[in-house]
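The values are calculated or read from the model by the stated rules, or taken from the named source; none is laboratory data. Quick caveat, the model's predicted, so the values are computed rather than measured. Glycine gets a Cβ as well: all are built from the backbone with ideal geometry, and neighbour counts include every protein chain shown. Please note that ligands, DNA and RNA were not included when accessible areas were found on the heavy atoms of the full protein model with its side chains. Shrake-Rupley method; radii C 1.70, N 1.55, O 1.52, S 1.80 Å.
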Amino acid sequence: MSLNESPAGRQPTATYDSAFLKACRREPVPHTPVWFMRQAGRSLPEYRKVREGIPMLESCMRPDLVTEITLQPVRRHNVDAAIFFSDIVVPLKAIGIDLDIKPGVGPVVEHPIRTRADLARLRDLTPEDVSYVTEAIGLLTAELGATPLIGFAGAPFTLASYLVEGGPSRTYENAKAIMYGDPQLWADLLDRLADITAAFLKVQIEAGASAVQLFDSWAGALAPADYRRSVLPASAKVFDAVAGYGVPRIHFGVGTGELLKLMGEAGADVVGVDWRVPLDEAARRVGPGKALQGNLDPTVLFAGTEAVEAETREVLDTAAGLEGHVFNLGHGVMPSTDPDALTRLVEYVHTQSAR
């Protein structure tokens with residue numbers, strides 16, 4: 001199914017003609033659509049209130065809480081899309097990997113995966129493993145109406161990095177040691193993770209997600225040749241697995257300016273761009289036939305309204321000739337961001353880009 005055909009028997013759905021999905025399909029839009037990575041989260045006082053005393057992973061497994069948290073930025077900011085509240089390690093937890101998300105640290109894996117024997121711990125993910133995801137998306141789509149819901153997952157490389165390192169890393173020495181030293185084990189690990197990731201995205205799409213984003217948060221640590229040889233095949237497998245649903249597929253990584261063309265080749269319909277590469281240059285690198293998403297530096301939001309508007313105007317001007325553009329930050333909303341600054345930014349983008 002192509003992006004120019006709506007799902008559900010190719011009949012129009014409530015979200016099909018939204019500005020966000022039109023931009024993803026590179027069609028004319030009434031205004032540039034806006035959403036923010038991490039728009040649902042610590043920058044919102046209402047989020048901190050409902051999460052109080054509830055561990056992160058538990059909050060991802062409670063449909064009522066997931067629904068409320070996902071809806072909070074839509075209500076407050078009038079963004080053009082909601083992003084499903086979850087975490088990239090949720091499918092790993094669901095298949096029995098002993099991990100936790102530690103405040104101030106991030107995901108920590110009790111027993112890292114570093115040998116061929118360890119691969120047996122990565123069993124297939126079934127819809128029953130994440131029934132709370134299906135339930136939450138059902139509740140969300142009923143509430144969201146014409147506002148699209150973006151499902152998401154961590155890409156195989158980023159998941160592998162957490163699993164092998166045992167937690168966040170700046171150097172990825174253990175992961176890269178396997179990638180270079182035992183390329184067959186590495187390929188098998190990423191292939192197994194591609195299957196798990198694809199299954200997780202399928203659950204979200206079948207429950208009602210209108211688009212999906214694959215986060216390869218740490219891919220910027222790779223040289224292009226290493227990405228092409230050791231990472232792209234697994235990411236392409238994920239995108240190919242969900243291609244038949246006809247929903248836009250977004251690919252995003254941090255510090256991936258040198259990888260933008262390859263990330264598009266992996267199968268994305270929309271390529272996310274961080275703030276380090278101007279959108280017109282990103283479009284040249286990615287090549288035709290893809291929409292772009294981005295790319296305001298998240299720290300600009302601390303600089304005051306005048307500076308935010310000036311930098312936003314520059315992003316919009318640079319994106320003026322693109323086939324399709326979804327406005328976003330070049331990375332996630334920072335926890336200490338003033339929520340009102342985000343609300344004003346959405347209104348400014350909508351007003352300035354109205355056609």
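Assorted remarks:
- Rounded if a/c under 1.5, otherwise prolate or oblate - region 210-335, Cα gyration tensor axes: prolate
- Heavy-atom surface of region 163-322, accessible at 1.4 Å and reported per residue (Å²): 38
- Bridge orientation summary for the chain: considering DSSP beta bridges with both residues in this region, about 15 percent are antiparallel.
- Note on the chain: with neighbouring protein chains present and a 1.4 Å probe, carbon and sulfur make up 51 percent of its accessible heavy-atom surface.
- Net charge dipole size for the chain [Lys, Arg +1 and Asp, Glu -1 on Cβ; Debye, nearest 20]: 320
- Helical segments meeting 15 Å axial Cα length and Kyte-Doolittle 0.5 threshold in the chain (DSSP H): 131-144
- Environment charge of Met56, counting only residues whose C-beta is closer than 14 Å and scoring Lys/Arg +1, Asp/Glu -1: +3
- Shape of the chain, Cα gyration tensor, a/c cut at 1.5: rounded
- Of the chymotrypsin sites (Phe, Trp or Tyr not before Pro) found in region 21-93, no site is in coil according to DSSP while having at most 14 other Cβ atoms within 10 Å of its Cβ.
- Positive minus negative residues near Glu46 (Lys, Arg vs Asp, Glu; Cβ under 10 Å): +4
- Pairs of Cα atoms nearer than 8 Å and 6+ residues apart set the relative contact order; for the chain it is 22 percent.
- The mean sequence separation of alpha-carbon pairs under 8 Å and at least six residues apart, normalised by the residue count of region 26-116, gives a relative contact order of 24 percent.
- By a 1.4 Å probe calculation restricted to protein chains, Lys176 has an accessible surface near 50 Å², given to the nearest 10.
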